[in-house]
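First up is the structure itself, then whatever we jot down about it.
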């Protein structure tokens, strides 16, 4: 369900870089300047051999006996992830989940700004205060092109998701965060990450049965 | 980051069952009564050998030449996932993301009812209309016990998440959907599924760089 056009760093390692970054940010807040690979691995919930292997993507790094420079390592990961500057994102499908995500401020804090929301029937959308401008689908192509948007969030029903993905790809989007419970077919140079909250709960439901 | 106390069906296969179930529900809505393994596999985005292997967990099933009975297979998966009846769920941490999830009606549609929300400072929480009752943390243990809640959603900040998880486990919760960007340490009989929306976007951000 996940495609990786960039093959330099494996997808799972990229996820771990994000986790290391969050651990480093907490260490920094707590005033720590250096961290050993053992301590960082423990905080991230991985083995220290795994951590050291992941960090070899940055070449030689870390000083024996002193560990890693917290600030420097955080910056290298941020550079690699490409989250140095605010990344414009659009969201398509302002139903229950779409509205919920629009009211979530966490994306912006992490460097992603939702610059526009799109819906088939924008007039019917009930909106809270604030949030990005809401448009009809006929504006999708034009706005993606104008703002050079590369990332989109899909929160339309399953039946509509593939058609929306096709439109996004045609307009130049190369990264899709898909919340629709369907497998999207996209060209090889487009990355799709799928999140299905109901499926996560359903999965738990299986494992809590005794 | 994921633990599987029930080992009869592997975790990834359980996720696929959820996907098959959604495909079957769509087929049913479209009036189809039977489906071949090839067609169902294609809809679910897996190989038909994978699908047939996953369905062997139900024993012998399907009629050669006729395929699977859509209704019957959907029911067997629902029984296996334990989502026949509405499953009570609580949510801890009514910040931005917690509020967003409380306003999301999708969980209920899928058989999960959020029966209560908890926050350290319930008086400070800005609430929309509707939604479940909001309590202080001091009520957590009592309400989990009274309603025999087994599943919880954690949407507190990273620094508070482990302490909340400990309280949930002590009260009897055995399935946690964790949105805090931290690895939770729980006993072996507790399952944690982690979702981090910002990390999903960050992961995309890496792959869209050219």
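Summary table below
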| read-out | value |
| --- | --- |
| Candidates B:46, B:92, B:70 - the one that is outside the structural domain of residue B:158 (by TED's automatic domain parsing), modelled with pLDDT of 85 or more and touching a helix residue (DSSP H, G or I) at 6+ places or on another chain (Cβ under 6 Å) | B:70 |
| Residue under evaluation residue A:161, criteria (1) in the same structural domain as residue A:119 (by TED's automatic domain parsing); (2) surrounded by fewer than 22 Cβ atoms within 10 Å (Cβ to Cβ); (3) touching a strand residue (DSSP E or B) at 6+ places or on another chain (Cβ under 9 Å), criterion not met | (2) |
| Qualifying positions in the range B:94-113 - within 12 Å of another protein chain (Cβ to nearest Cβ), touching a residue at least 24 places away in the same chain (Cβ under 8 Å) and within 16 Å of residue B:156 (Cα to Cα) | B:95, B:97, B:98, B:99, B:101, B:102 |
| Tally of residues being touching a residue at least 24 places away in the same chain (Cβ under 8 Å) and crowded, with 19+ Cβ neighbours inside 10 Å across the range A:33-43 | 2 |
| Failed item in (1) surrounded by 17 or more Cβ atoms within 10 Å (Cβ to Cβ); (2) within 18 Å of residue B:199 (Cα to Cα), with residue A:75 passing the rest | (1) |
| Selected residue [outside any strand (DSSP E or B), surrounded by 14 or more Cβ atoms within 10 Å (Cβ to Cβ) and within 14 Å of the chain's Cα centre (by Cα)] from B:89, B:94, B:46, B:14 | B:14 |
| Single residue of A:134, A:168 found to be in contact with a strand residue (DSSP E or B) (Cβ under 7 Å, 6 or more places away or on another chain), within 28 Å of residue A:15 (Cα to Cα) and in the same structural domain as residue A:183 (by TED's automatic domain parsing) | A:168 |
| Count - residues of the range A:23-32 that are in contact (Cβ under 8 Å) with a residue 12 or more places away in the chain and either in a helix (DSSP H, G or I) or crowded, with 23+ Cβ neighbours inside 10 Å (or both) | 6 |
| Qualifying helices (runs of 4 or more DSSP H) (wholly inside the range A:114-210; at least 1 residues being without any contact (Cβ under 8 Å) to a residue 12 or more places away in the chain, facing another protein chain (nearest Cβ under 8 Å) and under 19 Å from the mean Cα position of the chain (by Cα)) | A:197-208 |
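The values are calculated or read from the model by the stated rules, or taken from the named source; none is laboratory data. Only a predicted model underlies this, so the values are computations on that prediction, with no experimental measurement involved. Here Cβ is always computed from backbone atoms with ideal geometry, including for glycine, and neighbour counts include all displayed protein chains.
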